[in-house]
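Note sheet for the following structure.
Nothing in this text is a laboratory measurement; each read-out follows from the coordinates by a stated rule. Everything numeric in this text was worked out from a predicted model, so none of it was measured. Quick reminder, even Gly has a Cβ in these numbers, built from the backbone with ideal geometry, and neighbours come from all protein chains shown.
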Amino acid sequence: MMNYFLEAGSARSDSYKLITLTEDLSGQAGSFQLINRIDMNESFRLEGKLNLGNKYEGYTISGRAGGDGVAAVFTTSLPGVVGLPGASIGIGGIPNSFGFKLDTWHNTSTPNNEQKASADPKFIGYNNGAFGAFYSTDGSGKAITLKEDAKKLINNPKNNDFLDFIVEYNGETKDMTINYGGQIFSRNITDYLDKSRLTTGQSVGSEELAFAIFGSTGAGTNLQQFDLTRFEYTAGGSYIAIKYIDDVTGEEIRTEKIIQGDPGTQKDLSDDITLAGYIQKRTNINTSQGYMDGNTLQFVKGIQTLTYTYIAVNKEILTNLVEESSQIKASQKYLYSSSNKKVEYDMVIEMGKKVLSNIDATQTDVDNAVETIEQARNGLDGQLIIDKTEEAVKAAEDAGKAGADKKAEVETDGLVTPDEKAAVDGMNDTTTAKKEEASQLVDALPEGPVKDSLKARLDQVVTSEVTSEELIIPEVVHKEKEVNLTDNVTNLVEGSKLEEKKAIDIGLLENVLKEESKISTHNNKALPKTGANNNSLLSILGLSLISISSLLFGFFRKKEEK
């Protein structure tokens, strides 16, 4: 409704159709006006219900008098202009204007000059009830009430009751008729129209005037309200009507908007077609008579009706992203993320909330918010950090197990060579390094069950030290060196006692044989003259090896029997 009417002065709207013109206070003037002028050569009809208050001339409440009244008027001013409060009931100060008033305060004496109103006419019963009368202003804007049309109201205002109020005008006969609570007032206003042209400069038959419902209070006060039921009229001048339609359903999104202008002037409609929460899709503006370009239209005589279609801004994805943020913040992905990643995510979620609450947000605003939130969410590295830390702990565990397996392997035969010990030591070094690397990652995690679990696993990672006695391999010497086979045998026997070995390292004998072979080859030289070989040392060594083998075999045989 407010796309067609203007509230001015003390007037305010409490609902879709109910307008409060004045409160029960002194010195108020409010109006409810059409935003465009009416073509006075066309007929119109206004229907509604009117509350004049609960006090009137000759009837007070707690010593308070009623006043001043409500009027339906045609003015020469622009729509939205309100006249003076008090005796003129909102029309004072607007020259050559006219209308009909329902007056609850009889100005028996002439009001002061500031009110720009004459005294009310006296008629039978004027001092004991509200009355109705036609009135107009002169060229100076002073309000004058006609005596011949003044009548006392049949239904005086009481209890703030709403009564039927109908204003009807015949554009052909120029008759104006008022019906208040079933009481009829009528007058031909041709003379009023003639006077209006003195101010507007309009030609005969081309009169266009502003229409309003005025309410005013002065020394007397009342709560005065109008509830519109229906208004049919023909607008004069140049107008643009904009219809706002849902592109999908075809239903009206909001009430159409009427814009008035002077013929030949242009109007950029960009601001008028912008709807909060909607995206403009289509329009028929380029088919209009006054179309210029883009959203600009030139006013022409009459009404140009435009249709704009819209789709609602889609906030569904953004809403889901914001709503899921509480779950994200409770997940490992967020809790174990880097601090800067969490701060970034928190910031974009707050930004998304602001976009959702902004009724003027465009689809671009929404889409940008969705993109930034998704990027920040995907950038949370909590799970990656956990996975990396767990991989490091697993690597340390694997290294520790590999070292333990190697230790068990080299100790299987009870004899650990220097190379085997070195291999185990190398694996222990790897385990230590892997454990240190994993420890740094675990320590960096925030406190919680994940950290506790990984730390407990890491505490179980240990190195493996070789515990077997090292077997001393007997030396084999060349001819030039002394060979003490007895000592070597003793060492073997004592080593066997210490470890309670049950088998001989065959590799030891193979090494001795190899050394013997080398010695034999080295000394296998031809004897002078005879050409015979020197085999004396070979024979001695062979006998020695046989003796050693027999002794060892007998030793272990006895040990097994025991």
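List the equivalent ellipsoid semi-axes of the range 383-459 in whole Å, largest first, each obtained as the square root of 5λ for an eigenvalue λ of the Cα gyration tensor.
Result for the range 383-459: semi-axes of 31, 10, 8 Å.
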Quotient of Cα radius of gyration and Kirkwood radius for the range 316-379, i.e. Rg/Rh, equals 0.98
So, over other residues within a Cβ distance under 15 Å of Asn112, counting Lys, Arg +1 and Asp, Glu -1, the net charge is -1
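Fewest first, what order do Met351, Met176 take by the number of other Cβ atoms within 10 Å?
Ranking Met351, Met176 by Cβ neighbours within 10 Å, fewest first, gives Met351, Met176.
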Scoring only Lys, Arg, Asp and Glu (+1, +1, -1, -1) among other residues with Cβ under 15 Å from the Cβ of Tyr345 yields -2
The whole-number value in µm²/s of the Stokes-Einstein translational diffusion coefficient for the range 5-232, with Rh from the Kirkwood sum over alpha carbon pairs at 20 °C and 1.002 mPa s, is 126
Applied in sequence order to the range 352-364, the curve 6.51 cos²θ - 1.76 cosθ + 1.60 (Karplus, θ = phi - 60°) yields integer Hz couplings, x standing for Gly and Pro, of x, 5, 5, 5, 5, 7, 8, 5, 8, 5, 8, 5, 5
The alpha-carbon center of the range 284-334 and that of the range 81-140 are separated, in whole Å, by 50
Quick note on Thr305, Thr372, Thr431, ordering by fewest other C-beta atoms within 10 Å, gives Thr305, Thr372, Thr431
The summed charge of the Gln363 Cβ neighbourhood (under 13 Å; Lys/Arg +1, Asp/Glu -1) stands at -3
With a 30 Å threshold on alpha-carbon distance, the violating pairs from Lys329/Lys455; Lys342/Lys455; Lys116/Lys257 are Lys116/Lys257
Fewest-first ordering of Val416, Val73 by Cβ atoms within 10 Å yields Val416, Val73
